[in-house]
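Q: Have a look at the structure that comes next, please.
Every number here is computed from the coordinates shown, using simple stated rules; none is lab data. These numbers were taken from a predicted model, which means no experiment stands behind them. Ideal geometry is used to build each Cβ from the backbone, glycine not excepted, and the neighbour counts take in all protein chains shown.
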Amino acid sequence: MIDKLSLPKDKIRVLLLEGINDSAASLFTAAGYTNVTRLPKALDPAALHD
């Protein structure tokens with residue numbers, strides 16, 4: 001992964017949609033991302049603006 005980011009990893013929100021495999025969330029967590037959310041389906045476009 002990239003060594004230098006524009007924000008600290010704890011400030012970056014990762015949203016995995018449409019039933020992404022558990023291993024994807026595990027990879028982000030192992031890489032130091034603490035705000036990882038998995039949802040089983042796509043969101044309405046307006047909901048993605050949050």
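Q: Please enumerate the residues belonging to the stretch 8-27 that are part of a helix (DSSP H, G or I) and either loosely packed, with under 12 Cβ neighbours inside 10 Å or in contact (Cβ under 8 Å) with a residue 60 or more places away in the chain (or both).
A: ASP10, LYS11, ASP22, SER23, SER26
Q: If the Cβ limit is 8 Å and pairs must be 6+ apart or interchain, which residue in the stretch 28-45 that is basic (Lys, Arg) pairs with which residue that is surrounded by fewer than 11 Cβ atoms within 10 Å (Cβ to Cβ) and part of a helix (DSSP H, G or I)?
A: Correct list of pairs: ARG38/ASP22.
Q: If you don't mind, there's one more thing I want to ask. Give me the residue from the stretch 33-50 that is surrounded by 12 or more Cβ atoms within 10 Å (Cβ to Cβ) and outside any strand (DSSP E or B) and, out of that set, farthest from the chain's Cα centre (by Cα).
A: LEU43
Q: Surrounded by fewer than 13 Cβ atoms within 10 Å (Cβ to Cβ) and out of contact with any Pro (no Cβ under 8 Å at 6 or more places or on another chain), is that true of LEU5?
A: yes
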